[in-house]
Amino acid sequence: MFLIEDTFYHMCFVLFLTAVAVVLFAREKIPLEVTSIGLLTILLVFGQMFPIADATGKNQLDAASLLAGFSNPSLIAVLALLVMGQGIIQTDALRPLSQLFVTSNKLFAWLSIIGILIFVMVVSAFLNNTPLVIIAIPVIQALAITSGVSESRVMIPLSFAAILGGMTTLIGSSTNLLVSSSMTELGYEPLEFFEFTVPGMMMASVGFLYVVFIAPYLLKDRSSMTQELVGNTKEFVAEIDINPDSPLIGEECINGKFAKLPEMKIKLIQRGGHLILPPFEGYKIEKNDVMIVSTSREQLSVVLSQYPGFLLSEDDAEVIERVNQRLADNETQSEDKIDKQKTRLVAEVMIPPASRMIDMTLEQVGFHRQFGAIVLGIQRRARVVRRRLGRIRLEPGDTLLIAGSPASIELMRKNPDVVVLSGSKKELPVPKKAPLAAVIFLGVIGMAALGFISIPVAAVTGAVLMIGTNCLNIRQATRAIDRKIFLLVGSMLAIGTALQASDGAQFIANSLLDLPIPGGNLAQLALLFILVAITTNVLSNNACAILFTPIALNMAVNLGVDPFIFALTVVFAANCSFASPIGYQTNLLVMGPGHYKFRDFLVSGVPLVIILWVTYIFIAKFYFGI
């Protein structure tokens, strides 16, 4: 232990560590959990070796202080709300309401889409918006097809509507709860349930007008992965296993091409545990080779229709045949159904945040064993991952291109670990527990909103009741708890504690106040808003909220302004995660179904951030009187 009286060196180290955290979280080259644990470990060791003593001699950077964030009531409330949201998904409690908007009338389909967006925005004020978006995606897709509107014009508006709704109440977003929690830790009164609902509704209303009437026209019409496979000239990546009886065995690469695969670009060949990379001049295809190819949709369609065995091994083919036969045996054996079992369909499925398949490789999941289907390709943040498919570890929001029988696609539709984005539009029956789940949710949220019990108590009670009444089991509940949120929030709260103890937050606040900006307090508020809004599109919104709350409160004290207004600025600005797919989880969820590229979020999100910034300046001036 080395006692240093001057906290300047502590502040420099903590500011440096904060900058490192921002860079690592933004780049995401290292898994978020690893980054969080690594930063926390460094901070714990530093705090032990170089303590900061308070007036009583207690070390402000001891383990108890830095690890206190993991027992933070707001963090527990966020995790419990995730469990409640999973209960809503598990019982399909919102499905009857969402199905009310479904129509086969082309004239009313677009109005129904707007109705769904309003529904999502309103319910997002009281429910974690991730399950809402998961439920709404297939409904929006069906309505888009009916109305003749491209999915790429309505999926980003769906995510944006959910984010806007989260601005209006304390539990609308985990960001809001964490800002309130940070205020409590710094000695301020926490935010109340409806304390910022009025300005939040003003912000959300202005944003919603943009989302409905402007954003769809800024977004390009992007065709789906399935359409790319069968209807245009774009390339797709697939894996071809060379069986012992394959006609490709012995085929030699001449002038950079294999004669029997003239339109296919061979990306790599795996042979006996070794990778062979281009150029392949003089190489001959051997049995048991695994080829990763890139080809046009026409050529891949030919391979699928004429040589389906090329896409999977003989053992896999036998497994798929057995699964499909078992599915067929479970149905009445009419000729139509037997023929239907032999039909191969292509569908897209998405990996939801609570899926058991997350962090598993495709080989470990075994789609051919579970469903009798094969994975043709994977799309992650609008990019096709170009390596051996079986070794790719799945992440939330991944979209898989699946080939299988209608029965296998329907089997996936009934599995909570995947969300079928295209295929049958058959409406699923509502489980018996749906009304009970809805009553539990409305009851505990109503009690919290009326102030009878605190939000952490309400959230934990609701989660326990969901499990106790079998709306979901303990395994499903634990899957709903996002370890990334837990580790990220815990580590960022530790950095926030260190910033406060080392006067780093005060230093940043003073630096912002010293900038030569005319306009007084309103200008400083506007500067804070846009700074947080930019950062929240680079970091996660939770990390941004925890990082900037102590800075905002220090600015308010130095300016002599009500700290509530500056805390509220962080709430609204940290929710402005519209310009990046990594800014908010719902953005990642719609990226696959909408077939977006990163720039689509820039084109549609940046104007919305600017509009909300200007709107908040007016609210600050005329509503709060700054």
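Figures for the structure shown
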quantity: Nearest-0.05 FRET efficiency for residue 111 and residue 34, computed from C-beta distance (R0 60 Å); calculated: 0.80
quantity: Solvent-accessible surface (1.4 angstrom probe) belonging to residue 595, in square angstrom, nearest 10; calculated: 10 Å²
quantity: Average Cα contact separation per residue, the range 457-597, under 8 Å, 6 or more apart, as relative contact order %; calculated: 23 percent
quantity: Convex hull per residue volume in Å³, alpha carbons only, for the range 483-531; calculated: 79 Å³
quantity: Kirkwood hydrodynamic radius of the range 509-626, from inverse mean 1/r over distinct Cα pairs, in Å; calculated: 14.7 Å
quantity: Note, ³J(HN,Hα) from phi for the range 154-161, Karplus 6.51, -1.76, 1.60, rounded to Hz, x at Gly and Pro; calculated: 10, 6, 4, x, 4, 5, 4, 4
quantity: Among the listed pairs 29/284; 267/484; 257/287; 265/287; 267/414, those beyond 25 Å (Cα-Cα); calculated: 29/284; 267/484; 267/414
quantity: Pairwise FRET efficiency - residue 27 versus residue 220, Cβ, R0 = 25 Å, nearest 0.05; calculated: 0.40
quantity: The range 432-440 - phi-based ³J(HN,Hα) in whole Hz, Karplus 6.51/-1.76/1.60, Gly and Pro as x; calculated: 5, 7, 4, x, 5, 4, 5, 5, 4
quantity: Low-density loop cleavage sites - trypsin sites (Lys or Arg not before Pro) in the range 23-80, where at most 16 other Cβ are within 10 Å (DSSP); calculated: 29, 58
quantity: FRET efficiency, 1/(1 + (r/R0)^6) with R0 22 Å, evaluated for residue 513 and residue 19 via beta carbons; calculated: 0.60
quantity: Net lengthening on full extension, residue 54/residue 205 (0.36 nm per residue, minus Cα-Cα); calculated: 49.7 nm
quantity: Built amide H within the under 5 Å cut-off of residue 267, gap 5+; calculated: 292, 293, 294
quantity: Fully extended contour minus Cα-Cα distance, from residue 118 to residue 602, at 0.36 nm per residue; calculated: 171.9 nm
quantity: In order through the range 133-142: 3J(HN,Hα) via Karplus (6.51 cos²θ - 1.76 cosθ + 1.60), integer Hz, x for Gly, Pro; calculated: 5, 4, 5, 7, 4, x, 5, 4, 4, 4
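The values are calculated or read from the model by the stated rules, or taken from the named source; none is laboratory data. For clarity, every value in this text was computed on a predicted model and none was experimentally measured. Counting neighbours? That spans all protein chains shown, and the Cβs are built from the backbone with ideal geometry, glycine included. To get the accessible areas, we keep the full protein, side chains included, count just its heavy atoms, and leave off ligands, DNA and RNA. Shrake-Rupley method; radii C 1.70, N 1.55, O 1.52, S 1.80 Å.
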